[in-house]
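The values are calculated or read from the model by the stated rules, or taken from the named source; none is laboratory data. Since the model is a prediction, treat every value here as computed from it, not as a measurement. So basically every Cβ, Gly included, is an ideal-geometry build from the backbone, and we count neighbours across all protein chains shown. All accessible areas refer to the heavy atoms of the entire protein, side chains included, with ligands and DNA or RNA removed. Shrake-Rupley method; radii C 1.70, N 1.55, O 1.52, S 1.80 Å.
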Amino acid sequence: MSQKIKGLFLLICAVGVLGLAMSFFSRGTPIEVQVPMVTKQMVEENQAKLKNEAEQRQNAEAARKRAETEARVRQCTADEQCIIVDRDPCGCFKGPEGVTAINSAMSLEFSQMVQAETSGSTVCPEVGSSERECSATARAVCRQNSCTIIY
């Protein structure tokens with residue numbers, strides 16, 4: 001008998017739960033949901049912002065790699081390892097910033113770096129610089145494990 005009472009009680013509970021569920025899901029008014037309006041302009045602005053951020057990250061990464069390469073091509077342990085090279089296609093015609101000192105063993109890597117930076121044809125001044133870096137007494141030496149130009 002107790003099994004029948006227990007089964008009847010569970011049946012009544014199930015019917016009650018179904019009745020409550022039906023009354024909950026059969027509301028007379030729909031549930032209001034507010035969704036923000038997204039315009040085409042907003043999407044385009046967001047895409048432009050994301051593109052700009054990606055470009056900034058790429059530029060920062062390129063600058064970091066360039067700085068690492070510059071430091072690597074300048075590393076040295078003795079004066080004999082250092083040479084003066086053109087940093088710019090115009091060399092001393094560009095002025096002191098047209099030349100630099102690097103480790104001679106890294107000249108290929110340096111020339112690849114310079115070639116990647118320069119584009120197209122370059123118009124050089126007609127008169128070369130006579131500043132210290134371009135003078136006849138300028139030479140490359142190793143100072144604090146980095147190649148540098150002295151005068």
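Might you check whether a residue that is over 20 Å from Val141 (Cα atoms), in contact with a Pro (Cβ under 9 Å, 6 or more places away or on another chain), open to solvent by 60 Å² or more (accessible area, probe 1.4 Å) and hydrophobic (A, V, I, L, M, F, W, C) occurs anywhere in segment 70-93? Looking for residues that are over 20 Å from Val141 (Cα atoms), in contact with a Pro (Cβ under 9 Å, 6 or more places away or on another chain), open to solvent by 60 Å² or more (accessible area, probe 1.4 Å) and hydrophobic (A, V, I, L, M, F, W, C), one finds at least one in segment 70-93, hence yes. Kindly evaluate Leu50 against the criterion of being closer than 18 Å to Ala140 by Cβ and without any contact (Cβ under 8 Å) to a residue 24 or more places away in the chain. Spelling it out, it is not the case that Leu50 is closer than 18 Å to Ala140 by Cβ and without any contact (Cβ under 8 Å) to a residue 24 or more places away in the chain.
Within segment 94-119, residues that are under 24 Å from Thr77 (Cα atoms) reach partners that are among the hydroxyl-bearing types (Ser, Thr, Tyr) with beta carbons closer than 6 Å, at six or more positions or on different chains, in the pairs Ala101/Thr148; Met113/Thr69.
A residue that is open to solvent by 90 Å² or more (accessible area, probe 1.4 Å) and at pLDDT 90 or above cannot be found anywhere in segment 11-33. Answer with yes or no whether Ser130 is closer than 25 Å to Asp79 by Cα, at pLDDT below 75 and out of contact with any helix residue (DSSP H, G or I) (no Cβ under 7 Å at 6 or more places or on another chain). Yes: the conditions hold for Ser130.
Filter segment 59-81 for residues that are among the β-branched types (Val, Ile, Thr) and in a helix (DSSP H, G or I) and give the result. If the condition is that a residue be among the β-branched types (Val, Ile, Thr) and in a helix (DSSP H, G or I), then Thr69, Val73 are the ones that fit.
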